[in-house]
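The values are calculated or read from the model by the stated rules, or taken from the named source; none is laboratory data. Computed from a predicted structure; not experimentally measured. As a convention, Cβ positions derive from the backbone with ideal geometry for all residues, glycine included, and neighbour counts pool all protein chains shown. Areas reflect the complete protein model, heavy atoms only, side chains present, ligands, DNA and RNA absent. Shrake-Rupley method; radii C 1.70, N 1.55, O 1.52, S 1.80 Å.
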Amino acid sequence: MTPDPAAVARWLRTRPSRAAGIRVLAVEGRSGAGKSTLAAAVAAEITAPVVRMDDLYDGWDGLQAGVDALLAWVLRPLGRGDRARWRRYDWTRGRYAEWHEIAGADAVVVEGVGCGAREAEPYLSGLVWLEAGEEVRRGRALARDGELYAPHWRRWAEQEERYYARHDVRSRAGLVIVTG
């Protein structure tokens, strides 16, 4: 099923602003579920910036570091009414690079594994879970990232398993969308 970004945008508009007047939409799901595609389409519908968890992870073993960065650099500042500011992780160099900033937005879309963490919940107006079978997800991820991702698939999936066991994101999602 192809997600309907306009429907997700309409749903988000009915949700309360929980981060100092800003609606924050989290688009979660396992690798290859279609998070980036849906997040970009919803952001275009509502004219909102997108924060990608891929920019926050500290490398292939950095899922928890990405959650910590999301909270410290993006969600907590937005919740205080401050500007969100984060550093993009440079996957080629293996370190954080330049800073990015959100200013003047009335909505923000965050996408990626970790954005629906329990600690993020007080700041989220909406949480969307995207679901697809492992073979579909793996095919999409490898088509997107090529052989760069192939040796890390299992390593990343193990982090996802631990994270989802602790945070039970799917059961807390306001919308569940099957994408394949």
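Filtered by the rule that a residue be surrounded by 24 or more Cβ atoms within 10 Å (Cβ to Cβ) and either among the aliphatic types (A, V, I, L, M) or free of Cβ contacts under 8 Å to residues at least 24 places away in the same chain (or both), segment 52-73 gives Met53, Leu56, Val67, Leu70.
Restricting attention to segment 99-124, the residues that are in contact (Cβ under 8 Å) with a residue 60 or more places away in the chain, surrounded by fewer than 23 Cβ atoms within 10 Å (Cβ to Cβ) and either within 10 Å of Met53 (Cβ to Cβ) or of a type in the set (D, E, K, R) (or both) add up to 1. Figure legend. Inter-residue proximity from segment 129-143: first residues under 21 Å from Val169 (Cα atoms), second residues part of a helix (DSSP H, G or I) and at pLDDT 80 or above, beta-carbon distance below 7 Å, spacing 6+ or different chains. Indicated pairs: Trp129/Val169; Trp129/Arg170; Leu130/Lys35; Leu130/Leu38.
Here's the yes/no breakdown for (1) under 23 Å from Asp168 (Cα atoms); (2) of a type in the set (Val, Ile, Thr); (3) modelled with pLDDT of 95 or more:
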{"residue": "Leu56", "(1), (2), (3)": "yes, no, yes"}
{"residue": "Val74", "(1), (2), (3)": "yes, yes, yes"}
{"residue": "Gly104", "(1), (2), (3)": "no, no, no"}
{"residue": "Gly112", "(1), (2), (3)": "yes, no, yes"}
{"residue": "Glu121", "(1), (2), (3)": "yes, no, yes"}
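Here Arg80 meets each of (1) open to solvent by less than 20 Å² (accessible area, probe 1.4 Å); (2) more than 22 Å from Trp129 (Cβ to Cβ) with one exception, condition (1). Looking across segment 17-39, the residues that are in contact (Cβ under 8 Å) with a residue 40 or more places away in the chain and either over 19 Å from Val169 (Cα atoms) or hydroxyl-bearing (Ser, Thr, Tyr) (or both) come down to Ser17, Ala19, Ala20, Gly21, Ile22, Ser31, Ser36. Listed by first and then second residue, the pairs linking a residue in segment 150-168 that is farther than 20 Å from Cys115 by Cβ and in a helix (DSSP H, G or I) to a residue that is basic (Lys, Arg) and open to solvent by less than 80 Å² (accessible area, probe 1.4 Å), with Cβ atoms under 8 Å apart and 6 or more places separating them unless they lie on different chains, are Trp153/Arg138. Considering segment 49-131, the qualifying strands (runs of 3 or more DSSP E), each wholly inside and each with 1 or more residues that are more than 19 Å from Leu38 (Cβ to Cβ) and touching a Leu at 6+ places or on another chain (Cβ under 7 Å), run over 84-90.
Each residue in segment 1-30 was checked for being outside any helix (DSSP H, G or I) and either open to solvent by 10 Å² or more (accessible area, probe 1.4 Å) or on the phi > 0 side of the Ramachandran plot (or both), and 15 of them qualify. Please find, within segment 145-180, the residue that is farthest from Leu63 (Cα to Cα) out of those that are at pLDDT below 75 and open to solvent by 40 Å² or more (accessible area, probe 1.4 Å). Across segment 145-180, the extreme among qualifying residues is Glu147.
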